[in-house]
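Below is one structure, written out as C-alpha coordinates; the observations come after it.
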Amino acid sequence: MVDVETTGFSPAKGDRICEIALISLDGEGETVDEWHSLVDPRRDTGAVHVHGITRAMVEGAPVIHEVLDEIWSRVAGRVLVAHNAPFDLRFLKALPGSHWVTETLCTQRLAPEFLPHGKWTLAACCERAEVPLVNAHAALVDARATAQLFRSFLRKGGSWQDRLDRAAQAPEWRPCGLPQREARRRPIA
(Lines give C-alpha, C1' and ligand atoms only; values in the text may rest on other atoms or scores of the structure.)
Protein backbone atom coordinates (compact mmCIF):
# COMPACT_ATOMS: atom_id res chain seq x y z
CA MET A 1 0.00 0.00 0.00
CA VAL A 2 1.18 3.50 -0.70
CA ASP A 3 -0.26 6.90 0.03
CA VAL A 4 1.30 10.29 -0.49
CA GLU A 5 0.25 13.71 0.69
CA THR A 6 1.49 16.45 -1.60
CA THR A 7 1.82 20.19 -2.07
CA GLY A 8 -0.54 20.05 -5.07
CA PHE A 9 -1.64 17.93 -8.00
CA SER A 10 1.24 17.95 -10.46
CA PRO A 11 4.92 17.09 -10.03
CA ALA A 12 5.40 18.46 -13.56
CA LYS A 13 4.38 21.88 -12.21
CA GLY A 14 6.70 21.68 -9.19
CA ASP A 15 4.40 20.04 -6.66
CA ARG A 16 6.11 17.62 -4.30
CA ILE A 17 5.51 14.91 -1.74
CA CYS A 18 5.27 16.19 1.84
CA GLU A 19 4.34 12.84 3.46
CA ILE A 20 4.53 9.22 2.35
CA ALA A 21 3.35 5.94 3.88
CA LEU A 22 4.07 2.38 2.76
CA ILE A 23 2.43 -0.74 4.19
CA SER A 24 3.49 -4.28 3.27
CA LEU A 25 0.94 -7.09 3.29
CA ASP A 26 1.48 -10.83 3.20
CA GLY A 27 -0.24 -13.22 0.78
CA GLU A 28 -3.41 -13.23 2.87
CA GLY A 29 -3.56 -9.44 2.97
CA GLU A 30 -2.40 -9.08 6.57
CA THR A 31 -0.11 -6.21 7.51
CA VAL A 32 3.50 -7.26 8.09
CA ASP A 33 5.21 -3.86 8.05
CA GLU A 34 4.47 -0.13 8.07
CA TRP A 35 6.74 2.80 7.29
CA HIS A 36 5.92 6.49 6.94
CA SER A 37 7.66 9.83 6.98
CA LEU A 38 7.04 13.50 6.66
CA VAL A 39 9.11 14.90 3.80
CA ASP A 40 10.45 18.43 3.50
CA PRO A 41 9.24 19.57 0.06
CA ARG A 42 11.58 22.59 0.17
CA ARG A 43 8.58 24.84 -0.47
CA ASP A 44 5.19 25.56 1.10
CA THR A 45 3.18 22.46 1.93
CA GLY A 46 0.17 23.44 -0.15
CA ALA A 47 -3.36 22.57 0.96
CA VAL A 48 -2.88 22.57 4.74
CA HIS A 49 -6.68 22.64 5.10
CA VAL A 50 -6.76 19.21 3.39
CA HIS A 51 -3.77 17.28 4.76
CA GLY A 52 -2.98 19.31 7.88
CA ILE A 53 0.76 19.38 7.18
CA THR A 54 2.31 22.75 8.01
CA ARG A 55 5.69 24.13 7.04
CA ALA A 56 6.75 23.85 10.70
CA MET A 57 5.94 20.12 10.70
CA VAL A 58 8.28 19.38 7.79
CA GLU A 59 11.16 21.60 8.92
CA GLY A 60 14.00 19.24 9.75
CA ALA A 61 12.29 16.28 8.05
CA PRO A 62 14.27 14.47 5.35
CA VAL A 63 13.97 15.69 1.79
CA ILE A 64 12.67 13.00 -0.56
CA HIS A 65 16.06 11.85 -1.88
CA GLU A 66 17.13 11.14 1.72
CA VAL A 67 14.49 8.42 2.06
CA LEU A 68 14.59 7.02 -1.48
CA ASP A 69 16.50 3.86 -0.51
CA GLU A 70 13.86 3.15 2.13
CA ILE A 71 11.04 3.76 -0.35
CA TRP A 72 12.43 1.74 -3.24
CA SER A 73 13.58 -1.17 -1.04
CA ARG A 74 9.98 -1.50 0.15
CA VAL A 75 8.46 -1.17 -3.34
CA ALA A 76 10.78 -3.40 -5.41
CA GLY A 77 9.21 -6.74 -6.33
CA ARG A 78 5.83 -5.93 -4.83
CA VAL A 79 2.44 -5.11 -6.23
CA LEU A 80 1.84 -1.45 -5.43
CA VAL A 81 -1.71 -0.77 -4.24
CA ALA A 82 -3.19 2.70 -3.78
CA HIS A 83 -6.56 4.39 -3.82
CA ASN A 84 -6.60 6.68 -6.85
CA ALA A 85 -3.27 5.12 -7.82
CA PRO A 86 -2.68 7.37 -10.86
CA PHE A 87 -2.30 10.33 -8.48
CA ASP A 88 0.27 8.61 -6.23
CA LEU A 89 2.08 7.15 -9.25
CA ARG A 90 2.52 10.58 -10.85
CA PHE A 91 4.60 11.58 -7.85
CA LEU A 92 6.45 8.28 -7.44
CA LYS A 93 7.37 8.15 -11.12
CA ALA A 94 8.81 11.67 -10.89
CA LEU A 95 11.37 10.46 -8.30
CA PRO A 96 14.89 9.27 -9.13
CA GLY A 97 14.98 5.47 -9.43
CA SER A 98 11.28 5.17 -10.24
CA HIS A 99 11.95 2.10 -12.38
CA TRP A 100 11.17 0.15 -9.18
CA VAL A 101 7.49 0.96 -9.57
CA THR A 102 6.10 -2.35 -10.76
CA GLU A 103 2.61 -3.83 -11.04
CA THR A 104 -0.02 -1.47 -9.65
CA LEU A 105 -3.57 -1.97 -8.44
CA CYS A 106 -5.99 0.88 -7.81
CA THR A 107 -8.66 0.24 -5.19
CA GLN A 108 -10.67 3.10 -6.66
CA ARG A 109 -10.75 1.35 -10.05
CA LEU A 110 -11.48 -2.03 -8.44
CA ALA A 111 -14.27 -0.60 -6.27
CA PRO A 112 -17.12 -0.85 -8.83
CA GLU A 113 -16.53 -4.62 -9.00
CA PHE A 114 -16.75 -5.05 -5.23
CA LEU A 115 -18.82 -2.04 -4.10
CA PRO A 116 -21.26 -1.27 -6.90
CA HIS A 117 -23.31 1.93 -6.94
CA GLY A 118 -21.99 5.05 -5.36
CA LYS A 119 -19.05 7.38 -5.17
CA TRP A 120 -15.51 6.01 -5.38
CA THR A 121 -13.61 8.33 -3.03
CA LEU A 122 -11.65 6.57 -0.31
CA ALA A 123 -14.10 7.84 2.31
CA ALA A 124 -17.16 6.64 0.35
CA CYS A 125 -15.63 3.22 -0.39
CA CYS A 126 -14.57 2.77 3.23
CA GLU A 127 -18.04 3.66 4.43
CA ARG A 128 -19.69 1.09 2.14
CA ALA A 129 -17.11 -1.58 3.01
CA GLU A 130 -17.45 -0.76 6.73
CA VAL A 131 -13.78 0.20 6.99
CA PRO A 132 -13.05 2.85 9.62
CA LEU A 133 -11.49 6.05 8.29
CA VAL A 134 -10.78 8.75 10.86
CA ASN A 135 -8.38 11.66 10.24
CA ALA A 136 -8.25 11.11 6.48
CA HIS A 137 -5.47 12.76 4.47
CA ALA A 138 -2.71 11.65 6.80
CA ALA A 139 -0.64 9.30 4.63
CA LEU A 140 -0.47 6.47 7.17
CA VAL A 141 -4.19 6.73 8.00
CA ASP A 142 -5.13 6.60 4.31
CA ALA A 143 -2.69 3.75 3.59
CA ARG A 144 -4.13 1.73 6.49
CA ALA A 145 -7.67 2.36 5.27
CA THR A 146 -6.66 1.37 1.73
CA ALA A 147 -5.11 -1.83 3.11
CA GLN A 148 -8.35 -2.69 4.92
CA LEU A 149 -10.38 -1.88 1.83
CA PHE A 150 -8.10 -4.05 -0.32
CA ARG A 151 -8.37 -6.86 2.27
CA SER A 152 -12.14 -6.70 1.93
CA PHE A 153 -11.75 -7.05 -1.87
CA LEU A 154 -9.41 -10.04 -1.43
CA ARG A 155 -11.92 -11.77 0.81
CA LYS A 156 -14.65 -11.31 -1.80
CA GLY A 157 -12.59 -13.28 -4.32
CA GLY A 158 -10.89 -12.73 -7.61
CA SER A 159 -7.59 -13.87 -9.05
CA TRP A 160 -4.53 -11.89 -7.99
CA GLN A 161 -1.79 -14.39 -8.85
CA ASP A 162 -0.98 -12.98 -12.31
CA ARG A 163 -0.39 -9.52 -10.83
CA LEU A 164 1.79 -10.94 -8.07
CA ASP A 165 3.83 -12.92 -10.60
CA ARG A 166 4.47 -9.79 -12.71
CA ALA A 167 5.66 -7.87 -9.66
CA ALA A 168 8.03 -10.68 -8.74
CA GLN A 169 9.75 -10.23 -12.12
CA ALA A 170 10.94 -6.73 -11.18
CA PRO A 171 14.70 -6.12 -11.24
CA GLU A 172 16.70 -6.64 -8.08
CA TRP A 173 16.77 -3.51 -5.94
CA ARG A 174 20.07 -1.72 -5.32
CA PRO A 175 20.62 1.37 -3.12
CA CYS A 176 20.48 4.68 -5.01
CA GLY A 177 23.79 5.88 -3.52
CA LEU A 178 22.43 9.17 -2.14
CA PRO A 179 22.88 10.13 1.54
CA GLN A 180 19.95 8.77 3.55
CA ARG A 181 18.25 9.91 6.79
CA GLU A 182 15.78 8.46 9.25
CA ALA A 183 12.08 8.95 8.63
CA ARG A 184 10.27 11.68 10.55
CA ARG A 185 6.79 10.69 11.64
CA ARG A 186 3.86 12.88 12.52
CA PRO A 187 1.62 11.82 15.38
CA ILE A 188 -1.54 10.05 14.29
CA ALA A 189 -4.54 10.60 16.55
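Table: residues versus (1) assigned to a helix (DSSP H, G or I); (2) in contact with a Pro (Cβ under 8 Å, 6 or more places away or on another chain); (3) buried (at least 21 other Cβ atoms within 10 Å of the Cβ).
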| site | (1), (2), (3) |
| --- | --- |
| PHE9 | no, no, no |
| CYS18 | no, yes, yes |
| TRP35 | no, no, no |
| PRO41 | no, no, yes |
| THR45 | no, no, yes |
| ALA56 | yes, no, no |
| ILE71 | yes, no, yes |
| VAL81 | no, no, yes |
| LEU92 | yes, no, yes |
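Out of all the residues in region 60-74, is one or more modelled with pLDDT of 90 or more and either of a type in the set (Ser, Thr, Tyr) or touching a helix residue (DSSP H, G or I) at 6+ places or on another chain (Cβ under 6 Å) (or both)? No, that holds for no residue.
The requirement of being assigned to a helix (DSSP H, G or I) and either surrounded by fewer than 18 Cβ atoms within 10 Å (Cβ to Cβ) or in contact (Cβ under 8 Å) with a residue 60 or more places away in the chain (or both) is fulfilled nowhere in region 26-33; no residue meets it.
Being in contact with a Leu (Cβ under 6 Å, 6 or more places away or on another chain) and more than 24 Å from LYS156 (Cβ to Cβ) narrows it down to one residue among HIS49, HIS65; which is it? So the residue among HIS49, HIS65 that is in contact with a Leu (Cβ under 6 Å, 6 or more places away or on another chain) and more than 24 Å from LYS156 (Cβ to Cβ) is HIS65. Annotation note: of GLY177, GLY157, the sole residue that is part of a loop (DSSP other than H, G, I, E, B), within 14 Å of GLY29 (Cβ to Cβ) and at pLDDT 70 or above is GLY157. Quick one: would you say PRO132 is modelled with pLDDT of 90 or more, loosely packed, with under 14 Cβ neighbours inside 10 Å and farther than 19 Å from GLU19 by Cα? Yes.
The values are calculated or read from the model by the stated rules, or taken from the named source; none is laboratory data. A quick note: this is a predicted structure, and the numbers were derived from the prediction, not measured. Cβ sites come from the backbone with ideal geometry, for glycine too, and all protein chains shown count toward neighbours.
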